[in-house]
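The values are calculated or read from the model by the stated rules, or taken from the named source; none is laboratory data. Please read all numbers here as calculations on a predicted model, not as lab measurements. Note: ideal-geometry Cβ built from the backbone for every residue, glycine included; neighbour counts use all protein chains shown.
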Amino acid sequence: MDITVVGSCMTDLVSYVPRLPVPGETLHGHKFNIGFGGKGANQCIAASRLGSKTAMVAKVGCDTFGQNYLNNFKQNGIISDYVTTTSDAMTGAAPIFVDDKGQNSIVIVAGANLKLSVHDINAAKDIIIGSKVLITQLEIKRDVTLEAMKIAKQAKVILLQKLSLEMNIRDDEILLDKDHIGLLVTTIFNPAPAVEYLQPEFYTLSDYFCPNETETEILTGIKAIDRESIQAACNALLDKGCKNVILTMGDQGAAFCSQNNRTVENVTVEKVKVVDTTGAGDSFIGSLAFYLSNMPHLSLSEIVKRCCRIASVSVTAEGTQTSFPKQENLEKELFD
Ligand code: RIB
Ligand code: NA
């Protein structure tokens, strides 16, 4: 398995409107669509469209939305053995407004997503440990997300101990050994939607901590708008113990830094015709997982550039998963 995603499934109920309504207002919309969404599933689909072998761990309701979602996973070639159902809540739903500028506002009603339990995660332990990359977000219960991240990192410890015994070398020597690095589970954590406080382990268990500007501001109290403030926000996140920070900034591109090289590098993105930005962040995260698992020889700088490019393609089409490009529809250079 290349990638396992532990996270949410939502049915997106998307209304295209001239502008976002204000309280008490009734507004005519142009169009309505029902689509497959939820940050977890979106990231999973985004990675699989690029060619990764992916699995999903999630919970849907015993309703038609849930049934349709299971079919959606099958149709997209996602391993969905660990997508279970509950009769205690409805499948997650997300009413979304998209205005004429392509900007959105989203309400999520997590429903069945909140019924995914620590027990469910433990049942999926083998698939998590057997993956190169684990992706998590915050649309399911926090302790459930954390459990998945802990399992991924325990796998690392157990594996390192086993290898060091077998090879009679130290743990830290193995970490430097390129042939074995691929065996370890890399964790990508997307702290979305935004929260004010995260337990320290969310940082220490993250190889890649990937917020957007809003999430960064809420977590650090710093508005990342220029080189200085971006560096300050990234420093604050690195200080909490994550290995790498990748900050996504919409049409401003992305910025990244790591414990080894704290100086932030900025990646800009070419202007495109924006139709619908919903899910652009998920397209970025799914692409990141694809590159880390399938093309790990690339530098982080190159990976972030390519992820920005793919996410920018996703904003030129309507919807979330409907807008995620397949490898064959993207420039060849993105996969060299
Ligand atoms: O990131 C976009 C997603 O956020 C939507 O698909 C919606 O379901 C919410 O989870
Ligand atoms: Na889109």
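List, please: which pairs have Cβ atoms under 8 Å, are six or more places apart or on different chains, and start with a residue in the range 19-39 that is at pLDDT 95 or above and end with one that is assigned to a loop (DSSP other than H, G, I, E, B) and exposed (fewer than 10 other Cβ atoms within 10 Å of the Cβ)?
Listed by first residue and then by second, the contacts come to nothing, as the list is empty.
Look at the range 247-292 and say how many of its residues are hydroxyl-bearing (Ser, Thr, Tyr) and surrounded by fewer than 24 Cβ atoms within 10 Å (Cβ to Cβ).
4
In this structure, does residue 89 turn out to be farther than 15 Å from residue 320 by Cβ and either within 16 Å of ligand 2 (Cβ to nearest atom) or within 18 Å of the chain's Cα centre (by Cα) (or both)? Break it down into steps so the answer makes sense when it comes.
Working: farther than 15 Å from residue 320 by Cβ: yes; either within 16 Å of ligand 2 (Cβ to nearest atom) or within 18 Å of the chain's Cα centre (by Cα) (or both): no.
Against the criterion (farther than 15 Å from residue 320 by Cβ and either within 16 Å of ligand 2 (Cβ to nearest atom) or within 18 Å of the chain's Cα centre (by Cα) (or both)), residue 89 does not qualify.
Quick check on the range 190-203. Is at least one of its residues within 16 Å of ligand 1 (Cβ to nearest atom), touching a Cys at 6+ places or on another chain (Cβ under 6 Å) and either within 20 Å of residue 292 (Cα to Cα) or at pLDDT 95 or above (or both)?
Taking the range 190-203 first, the residues within 16 Å of ligand 1 (Cβ to nearest atom) are 190-195.
Okay, now just the ones that are also touching a Cys at 6+ places or on another chain (Cβ under 6 Å), so 190.
Narrowing further to those that are either within 20 Å of residue 292 (Cα to Cα) or at pLDDT 95 or above (or both): 190.
Yes, there is a match, as at least one residue in the range 190-203 is within 16 Å of ligand 1 (Cβ to nearest atom), touching a Cys at 6+ places or on another chain (Cβ under 6 Å) and either within 20 Å of residue 292 (Cα to Cα) or at pLDDT 95 or above (or both).
Filter the range 212-239 down to residues that are basic (Lys, Arg) and surrounded by 17 or more Cβ atoms within 10 Å (Cβ to Cβ), then give me how many there are. Don't jump to the end; show me each part of the working.
Let us first name the residues in the range 212-239 that are basic (Lys, Arg), namely 223, 227.
With the extra rule that they be surrounded by 17 or more Cβ atoms within 10 Å (Cβ to Cβ), the set shrinks to none.
Residues in the range 212-239 being basic (Lys, Arg) and surrounded by 17 or more Cβ atoms within 10 Å (Cβ to Cβ): 0 in total.
Select from the range 304-317 the residues that are surrounded by fewer than 22 Cβ atoms within 10 Å (Cβ to Cβ) and touching a Leu at 6+ places or on another chain (Cβ under 9 Å) and list them in ascending order.
309, 313
Take residue 6 and tell me if it is in contact with a helix residue (DSSP H, G or I) (Cβ under 6 Å, 6 or more places away or on another chain) and of a type in the set (A, V, I, L, M). Working first, answer last.
Working: in contact with a helix residue (DSSP H, G or I) (Cβ under 6 Å, 6 or more places away or on another chain): yes; of a type in the set (A, V, I, L, M): yes.
Taking the combined requirement at face value, the residue satisfies it.
Only one of these is among the β-branched types (Val, Ile, Thr), over 25 Å from residue 78 (Cα atoms) and either at pLDDT 95 or above or within 16 Å of ligand 2 (Cβ to nearest atom) (or both): 315, 275, 304. Name it.
On the way: 315 fails: over 25 Å from residue 78 (Cα atoms); 304 fails: over 25 Å from residue 78 (Cα atoms).
On inspection, the qualifying residue turns out to be 275.
Give the residue that is nearest to residue 5 (Cα to Cα), with candidates limited to residues of the range 51-62 that are surrounded by fewer than 18 Cβ atoms within 10 Å (Cβ to Cβ) and touching a strand residue (DSSP E or B) at 6+ places or on another chain (Cβ under 9 Å).
It comes out as 53.
If residue 214 passes every condition in (1) over 20 Å from residue 6 (Cβ atoms); (2) in contact with a helix residue (DSSP H, G or I) (Cβ under 9 Å, 6 or more places away or on another chain); (3) within 15 Å of ligand 1 (Cβ to nearest atom) but one, which one does it miss?
(2)
Filter the range 211-238 down to the residues that are part of a loop (DSSP other than H, G, I, E, B) and in contact with a Leu (Cβ under 7 Å, 6 or more places away or on another chain) and list them by number. Let's see the steps before the verdict.
Here is the first cut: in the range 211-238, the ones part of a loop (DSSP other than H, G, I, E, B) are 211, 221-226.
Selection gives 211, 224.
Which condition does residue 332 not pass, out of (1) away from ligand 2 (no atom under 16 Å from the Cβ); (2) crowded, with 16+ Cβ neighbours inside 10 Å; (3) of a type in the set (Lys, Arg), if it passes all the others?
(2)
Suppose we filter the range 133-157 for residues that are outside any helix (DSSP H, G or I) and polar (S, T, N, Q); how many remain?
First pass over the range 133-157, keeping only residues outside any helix (DSSP H, G or I): 133-141.
Adding the requirement that they be polar (S, T, N, Q) leaves 136-137.
Total satisfying the criteria: 2.
Out of everything in the range 1-18 that is outside any strand (DSSP E or B) and at pLDDT 95 or above, what residue ends up being farthest from the chain's Cα centre (by Cα)? Give the derivation first.
Residues of the range 1-18 outside any strand (DSSP E or B): 1-2, 7-9, 17-18.
Retained after the next criterion (residues that are at pLDDT 95 or above): 2, 7-9, 17-18.
On the way: 2: 14, 7: 9, 8: 10, 9: 13, 17: 27, 18: 29 Å.
Going through the qualifying residues, I end up with 18.
Taking residue 322 as meeting all but one of (1) within 22 Å of residue 213 (Cβ to Cβ); (2) surrounded by fewer than 19 Cβ atoms within 10 Å (Cβ to Cβ), write down the number of the exception.
(1)
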